[in-house]
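Report on the structure given below.
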Amino acid sequence: MLMNYHALTVQRVLSSLETCAEGLTAFQAARRLERDGKNELERAKKKNLLLRFLAQFSDFTVIILLVAAVVSYAVSRMNGESELGDTAIILAIVTLNAVIGTFQESRAQHALEALEKLSAPTARVIRDGKAVSIKASEVVPGDIIELSAGDMIPADARLISSSGFKTDESALTGESLPCEKDAKAVLSEVSQSADMRNCVFSSSLAVSGRARAVVYATGGNTQVGKIASLLAEEDNEETPLQKRLSKVGKALAFGALLICAGIFALGVARGTPLNESFMLAVSLAVAAIPEGLPAIVTIVLSGGVGKMAKSNAIIRRLPAVETLGCATVICTDKTGTLTRNKMTVEKTYAAGSDEGRVLELGAVCCNCTVKSGRVSGEPTEAAIVSAAIKAGAQPGKYIREGELPFESSRKLMSVCVRTPDGNLQITKGAPDVLIPLCSRTESPYGVREFDAVRKNAAYGENDAFASQALRVIAVAYKPLGSGEKMSEKNLIFCGLTAMCDPPRKEAANAVAVCKQAGIIPVMITGDHLSTAQAVAARLGISEKSSTALDGHQLDAMSEPQLREAVKSCRVFARVSPEHKMRIVKAFKDNGEIAAMTGDGVNDAPALKAADIGCAMGKSGTQVAKGAADMILTDDNFATILKAVEIGRGLYDNIKKSVRFLISCNLGEIFTIFAATLAGIPAVLLPVQLLWLNLVTDSLPAMALGSERPDRDVMKRKPLSPSQGMFANGLFVDMLLEGGLFALAALIAYRVGGSFFDIPGQSLYARTMAFCVLSVSELIYAFSVRSDEFIIKAGIFSNKKMTAAFAVCCALQVSAVTVEPLCAVFKTVSLSLPQLGVCTAIAFIPFAAAESAKGLSALSLKIKRKPRSSDFVNCG
């Protein structure tokens, strides 16, 4: 277990690591490298291609289909048939799904590979008393490393000495500003990693200054190594859709067994030979399984992938397309997700009357470069320079003569510049440090004494800015006489600049739409609590009844306490990667469907633990992208709303497809079951059942997957995770619909037998029943499209449905009019009048369904109580 090196003095750290300021010898380093291993992340064991392929067959629905394929093959062999139609088609479908799934199972592996790429390739260490450059993988605990601006930190280390040293840890901790480091600091043992200003961490970046540090953790023991282990340990869970389809599969399996038992018992009771009764029972049970369902779900989800890609959301795992539509909570990182991840001057206070002068002097006292209008440098300084240029200032006209660099002990920076009136010293820094060093101040009436009243006014402005979680920089100056050296006293106060990482323009509206859609937005960030609360309030995430917690409070909570806390907490600040995972899991334990957005390395474990992880494509690290299910290519938080809308629409469409398929299958089963009860032989033949299941049913079911989302899809609450696919009476509806299909088919059978067949034959009866069953399902598909009347929804608004209807009708007419096909399907050629009769009968289920919509709408209208608003503005 690693010690709390941030809580020890430098000498105690060196002693505990058995090293010294002059570094290790080559011999000592070699021994430690052998003992502790290379400074590399441990590689997770990768599943080979075969294992990943076989894992795709563990889905319950797929298992049911495989059983159906085996039973179908066995029945064919027992009947002495050599055709493998059903069996071959089912195997082809499940194999296709397995192939698609195999190539989408590599999230954790990609994330780990990205983490490995973050590691610094080389490092400067002190070996045998000399500074040498070595491979970063050869750095060991106890090594003394030298760091300067631009260096990637090779390992976790405790600072020994530092001068103006800052690091960018935003990807690791979520802190938007560079972290000022101080080797002399000795911190509390319970400090979070984001507060350890005397330590540096592997894979973060040195942005300014110089430092020396002693390495205390390498490889998997580093902060980034712990994140890698969290990614490797986190298993993928079933998505809500997978869980619901699994329940559908179990229901179908149970139904198939009941059908087998019922038909077999009925056959035996009627004196049918046991073998014949068994064959009929098994054939019907196989017919009860919608063989095309897995393929249709895959195709519908794939279509959703295309829609989301056009809306700047790339899907990495197919079921995630629908999962986002079920989200009840969106846990979002702050930096780079809700905010721009770019410091910007928000407000300026001028002691005199010219805010532009404050910005200009502040910009002169910055070390930034400007090329083609683009400012680069330390974020706080870049913000000041950018604001100055925008205000029309010209900081470049000043010629610098000298500089007193920023030091964390002074919290100040000063420069000496040449002007036409002589040399001028400009100083900027923390207001609480700089204001007491000023003896005079600018005012609308010129330079005046900086008395208590004026100082209190400056402090008041500073407090007002700070209360808004703005980072405040004070600016002062003084003329220097010939040969006079810079000194940070007796300055003239000029003003204040206040800046922050501002929210994205679209973020507030996105949060409002989330709430309207019944989704709870939650901010989880590594930034300070006050900053997080200010941004959350500004965006509407936090409310009067909500609370905020930081990492220390989370550490003190048990899992049951955290599960209770997340019910009201909307802001979590100063959190570690482990905290983020705990928060996401607490929401999931409460029954929520949790989505997580983020862009940093520190977000990766929570992205993978969430039901759906959404990474930022532009600013996001490769690690975050590798752990996520979805990548937002425009880094726009609002894009997630479009993805939610598409996801909700896709679930609705999949539900429509499932409803249509099962209703059609029930219609076929009820037709044969009723005929068996009535003693009518062979109403439908096996080849006709296969045609219905895989042609006239499947194409309309696929077309249903392309329906546009309902207009109110983002105004309704998310679907309850516990709600099954057959909830709200859907199963009863499917039974009734199946009954209507059977009724239409049996009417057609009776009409064909009574008016067209020769006594003793049933060719026309069977042909017309086959034709009516197929066409009635095709017509009925239009009614399934919407809960509204199809005329209101638009009969031809779904072009794919129109095309599927036309193709299937043409195929079905061919099956009962073209002689060669009639021979295949054992039908007779129907005349136009006979086809007209079939068409009229086929409208029975459709007419009943549309009538039911009207009755339902009328019932809701009658039940609706009048409100006062109904009578306002009537004229």
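Summary table
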{"quantity": "Qualifying residue in the range 487-494 (condition: free of Cβ contacts under 8 Å to residues at least 60 places away in the same chain, open to solvent by less than 30 Å² (accessible area, probe 1.4 Å) and in contact with a Gly (Cβ under 9 Å, 6 or more places away or on another chain))", "calculated": "no"}
{"quantity": "Residue pairs meeting the criteria (Cβ under 8 Å; at least 6 apart or on separate chains; first within 11 Å of I160 (Cβ to Cβ) and at pLDDT below 95, in the range 5-27; second basic (K, R) and open to solvent by 60 Å² or more (accessible area, probe 1.4 Å))", "calculated": "A21/R212"}
{"quantity": "Whichever residue in the range 417-430 is open to solvent by 10 Å² or more (accessible area, probe 1.4 Å) and either in contact with a Pro (Cβ under 8 Å, 6 or more places away or on another chain) or modelled with pLDDT under 95 (or both) and, among such residues, is nearest to P479 (Cα to Cα)", "calculated": "L424"}
{"quantity": "Scan of the range 721-765 for residues that are without any contact (Cβ under 8 Å) to a residue 24 or more places away in the chain, open to solvent by 40 Å² or more (accessible area, probe 1.4 Å) and either over 19 Å from C664 (Cβ atoms) or in a loop (DSSP other than H, G, I, E, B) (or both), ordered by number", "calculated": "Q723, N728, R750, S754, F755, I758, P759, G760, Q761"}
{"quantity": "Some residue of the range 789-796 being among the aliphatic types (A, V, I, L, M), out of contact with any strand residue (DSSP E or B) (no Cβ under 8 Å at 6 or more places or on another chain), open to solvent by 30 Å² or more (accessible area, probe 1.4 Å) and farther than 19 Å from S706 by Cβ", "calculated": "yes"}
{"quantity": "Unique residue being in a helix (DSSP H, G or I) and closer than 22 Å to V816 by Cα when the list is L689, L684, L661", "calculated": "L689"}
{"quantity": "Conditions (1) at pLDDT below 85; (2) surrounded by fewer than 20 Cβ atoms within 10 Å (Cβ to Cβ); (3) closer than 21 Å to L730 by Cβ; number of the one not met by V713", "calculated": "(1)"}
{"quantity": "Evaluation of A183 against (1) modelled with pLDDT of 90 or more; (2) assigned to a strand (DSSP E or B) (one fails), failing number", "calculated": "(2)"}
{"quantity": "Number of the exception - M768 against (1) within 21 Å of G679 (Cβ to Cβ); (2) open to solvent by 40 Å² or more (accessible area, probe 1.4 Å); (3) modelled with pLDDT of 90 or more; (4) not polar (S, T, N, Q)", "calculated": "(2)"}
{"quantity": "Residues (open to solvent by 10 Å² or more (accessible area, probe 1.4 Å) and not basic (K, R)) located in the range 518-538", "calculated": "G518, I520, H528, L529, S530, T531, Q533, A534, V535, A537"}
{"quantity": "Long-range neighbours under 9 Å by Cβ, at least six apart or interchain, first residue of a type in the set (K, R) within the range 382-403, second open to solvent by 60 Å² or more (accessible area, probe 1.4 Å)", "calculated": "R400/R418"}
{"quantity": "Per-region count, the range 806-858, residues in a helix (DSSP H, G or I) and among the polar types (S, T, N, Q)", "calculated": "6"}
{"quantity": "Matching option when the condition is closer than 23 Å to A7 by Cβ, in contact with a Leu (Cβ under 9 Å, 6 or more places away or on another chain) and open to solvent by 20 Å² or more (accessible area, probe 1.4 Å), among S188, S202, S193", "calculated": "S193"}
{"quantity": "The range 546-565, residues that are in contact (Cβ under 8 Å) with a residue 12 or more places away in the chain and over 21 Å from A194 (Cα atoms)", "calculated": "S546, T547, E559, L562, R563, A565"}
{"quantity": "Answer residue from the range 544-560, given it is of a type in the set (S, T, N, Q) and not in a loop (DSSP other than H, G, I, E, B) and is farthest from K515 (Cα to Cα) among those", "calculated": "Q553"}
{"quantity": "Complete set of residues in the range 534-545 that are more than 23 Å from the chain's Cα centre (by Cα) and in contact (Cβ under 8 Å) with a residue 12 or more places away in the chain", "calculated": "A534, R538, E543, S545"}
{"quantity": "Residues that are touching a strand residue (DSSP E or B) at 6+ places or on another chain (Cβ under 6 Å) and among the polar types (S, T, N, Q), drawn from the range 123-174", "calculated": "S133, S148, S161, S162, S163, T167"}
{"quantity": "Some residue of the range 450-471 being open to solvent by 80 Å² or more (accessible area, probe 1.4 Å), out of contact with any Leu (no Cβ under 9 Å at 6 or more places or on another chain) and of a type in the set (D, E, K, R)", "calculated": "yes"}
{"quantity": "Filter result for L562 (modelled with pLDDT of 95 or more, open to solvent by less than 50 Å² (accessible area, probe 1.4 Å) and farther than 18 Å from K342 by Cβ)", "calculated": "yes"}
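The values are calculated or read from the model by the stated rules, or taken from the named source; none is laboratory data. Everything numeric here is computed off the predicted structure, so don't read it as measured data. With ideal geometry, Cβ positions are generated from the backbone for all residues, glycine too; neighbour counts draw on all protein chains shown. Heavy atoms of the whole protein, side chains included, go into the accessibility calculation; ligands, DNA and RNA do not. Shrake-Rupley method; radii C 1.70, N 1.55, O 1.52, S 1.80 Å.
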